[in-house]
Amino acid sequence: MSTPINDAHDAPRGPDDAVHTGRDGADEATTTKAGNSARHGAGLFDIRNIIGLLMALYGLILLVMSFTTSTADKAKADGVNLNLWTGIGLIVIGAALIAWAVTRPIVIDERELEADKAAAERQGKPAAH
């Protein structure tokens, strides 16, 4: 007697499905029932984390510098403190990129990666990974 799949952890996964994370936010290695392939996340090397952190850092610098903006500089921008608003915008965009990377991590399937490397070697091409 087969039982229906009710648990999201046991559901079949596609290439865009996220990895379950533990309480501390670290990616867990998961195993699928069909292929027993090890899967893990890209972690800190995800480009969204790097770009998000840089944008947030630049935003923080502009936010701090906005408190030293002179009235002459504000007058050049029609009375708007551009450092303040640009800094806030960069922090929001950086936080959005980091939140995106945390909620939808890139999943690396080691078994599929090894199969791609072997196929490239059979064709005489250097492996791209």
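The values are calculated or read from the model by the stated rules, or taken from the named source; none is laboratory data. None of these values were measured; they are calculated from a predicted model. When the accessible area is computed, the model is the full protein with side chains, heavy atoms only, and any ligands, DNA or RNA have been set aside. Shrake-Rupley method; radii C 1.70, N 1.55, O 1.52, S 1.80 Å.
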> What list of ³J(HN,Hα) couplings, whole Hz, do you get for the range 110-123 from phi and the Karplus terms 6.51, -1.76, 1.60, once you set θ to phi - 60° and write x for glycine and proline?
Replying inline: 4, 5, 5, 4, 5, 5, 5, 5, 5, 5, 5, 5, 5, 7
>> Residue by residue through the range 46-55, what is 3J(HN,Hα) from phi via Karplus (6.51 cos²θ - 1.76 cosθ + 1.60, θ = phi - 60°)? Round to whole Hz and write x for glycine and proline.
In response: 5, 4, 5, 5, 5, 5, x, 5, 5, 5
>> Tell me the accessible surface of Leu44 in square angstrom (1.4 angstrom probe, heavy atoms of protein chains only), to the nearest ten.
In response: 140 Å²
